[in-house]
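Peer 1: The structure under discussion is supplied below as structure tokens; questions concerning it will follow.
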Amino acid sequence: MSAPHLPKVAGIDPAVTASPHTVAPAPAPTSPSTPTSTPARTAHAPAPAPAASSVIQDRLAGMVSDLTTLHELTERLARATDLASSLQEFLRAGAALVGARRGLIVLEPSDGLGPTTTIGLGLGHADLGHIETVPRSATSYGRILDGLPDAHGGSDVLPEPGTAPGSGGYAAPVDPRHREVAARLGFAASYALPLTAEATGRLGAAVWLYDEQAEPSDRQRDLVGLYVRHAAEHLARMVEVERSRCDLATVAEELLPSRLPRISGVQLAARHHTGPRGGGDWYDALPLPEGALGLAVGSVTGSGPSAVAAMGRLRASLRAYAVMEGEDPVAVLSDLELLLRLTEPARSATALFAYCEPAGSPGSGGRGRKLILAGAGHTPPLLIGERRTEYVETTLSAPLGMLSCWEAPSVEIEPAPGETVLLYTDGLLRRTGDPMDRAYARLHAAAAGIPRSAREDPAAICDHILRTVLPEGDTAAAGPQGGADEDIVLLAARFE
């Protein structure tokens, strides 16, 4: 009876060499003077079958453990919903599989459409900068990306001067700058693999760094190879999602004002951060006759290309209505509501429009500053100054497209010299993660705490609001693109 044949699972060959069957040796002949011996001890000797069975069980247990590990790591990668988190999870999993502590991934798609980035694990920005000073041809990931000889991936041992590289190292000589950077960062060997997806081709290369001269075992190579093949397909999908998001964000930015107008007696600043799915939040500032100024913010329901297109149509229509009857914000929003209800009956939107007469404008007639505003289901503006920080009490009304006939009274305010009126969308409040009442309180506290030096600059006011209101780690506080689903719009007008 032969040993059972185990199937090959997940690329791991479980074959075990079966022990040959043996026959118990015949008892040696005895001389007449030799007493009859006891039954042959071979009858009591352990059969080889239990030993082979133990080897098979150990190997099966190892296979089950490896498959369980791969399943857990791929499940964790699948839960990453954007490119940045996917790259970080990929590096962590690969480091655990090859037994390394640090690593980096260089994303550089071969089609040249981007995105291109370098992400480190256990490496700061300065460390990545040091690595980038090494010529690409002297690094394992550079040889992979450039398609140089020995660019198949593998171990790369950095020998000391005058010594030969260890087994598995690249044949290319080690550049002195590579050795210098490796000594500065404290790594002695690396293991690199290419990232290649079936649909997109080469995506980049991943490198894991060892603190000592080492390389992964054959079992570790098999496991990380299986993981990388699966992960590359996931990363390829995330790259396509990131490209679509960037294209949509570019379109949304192009539909918004390329620059804010310069109006005597008022300073303007705006911030717009698009969520990953692309939303319909917008803002506008346009000069009106007799030195007046129109300010508007709004939000269209939904996300994606259709919401961005609707946002563009709504903003263009509001500009036309503002020029025709801007002195009456209620009439502007009424016209906009009628247009929305007739052209897009399945969509609703919130909007706020303010007609502003800065001090000294011809329309003010020598009077002080004046704002007349009306809102349709929109968040109330915030008035920020040295002596007061308060919400403007706008009349509560339904969003546009929700009623058969929309109308709400307007509100008039007179900002004091040096005060700023902040218009914003509800994405700023929702990104806090707090209930709306607490989010409003958080925004009010952030506005009240603006440093005196920043109150004279509306751009500094917007930046302070973003840094203070948004949770720590929200990239909208530091960069042009937000990491959460909600769009954010801020429009600040400081009156002199």
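Peer 1: On a full-extension model of 0.36 nm per residue, what is the gain between Thr343 and Asp58, subtracting their alpha-carbon distance, rounded to one decimal in nm? The partial results should precede the final answer.
Peer 2: Details: separation 285, 0.36 × 285 = 102.60 nm, distance 6.97 nm.
Difference between extended and current length: 95.6 nm.
Peer 1: If packing is taken as the average count of other Cβ atoms within 10 Å, what order do 126-134, 459-467 fall into, highest mean first? Write down the numbers at each step before the final one.
Peer 2: On the way: 126-134: 14.8, 459-467: 18.9.
The most tightly packed comes first, giving 459-467, 126-134.
Peer 1: In region 284-351, what is the volume of the convex hull around the alpha carbon atoms, normalised per residue and reported in Å³? Could you put the intermediate results ahead of the total?
Peer 2: Values: hull volume 4.9 nm³, N = 68.
In region 284-351, the Cα convex hull volume per residue is 72 Å³.
Peer 1: Per-residue accessible area for Glu414 at 1.4 Å probe radius, Å² rounded to 10?
Peer 2: Estimated to the nearest 10 Å², Glu414 gives 130 Å².
Peer 1: First select every other residue whose beta carbon is under 10 angstrom from the beta carbon of Thr350; then total the charges, Lys and Arg +1, Asp and Glu -1.
Peer 2: Values: positive: none; negative: Asp281, Asp426.
That sum, taken over residues with Cβ under 10 Å, equals -2.
Peer 1: Can you give me the long-range amide H partners of Ala269? Hydrogens built in the peptide plane at 1.01 Å from N, cutoff under 5 Å, separation of 5 or more residues or another chain.
Peer 2: Correct list: Ala492.
The values are calculated or read from the model by the stated rules, or taken from the named source; none is laboratory data. Model, not experiment: these values are computed from the prediction. So basically every Cβ, Gly included, is an ideal-geometry build from the backbone, and we count neighbours across all protein chains shown. Note: areas computed on protein heavy atoms with side chains; ligands, DNA, RNA excluded. Shrake-Rupley method; radii C 1.70, N 1.55, O 1.52, S 1.80 Å.
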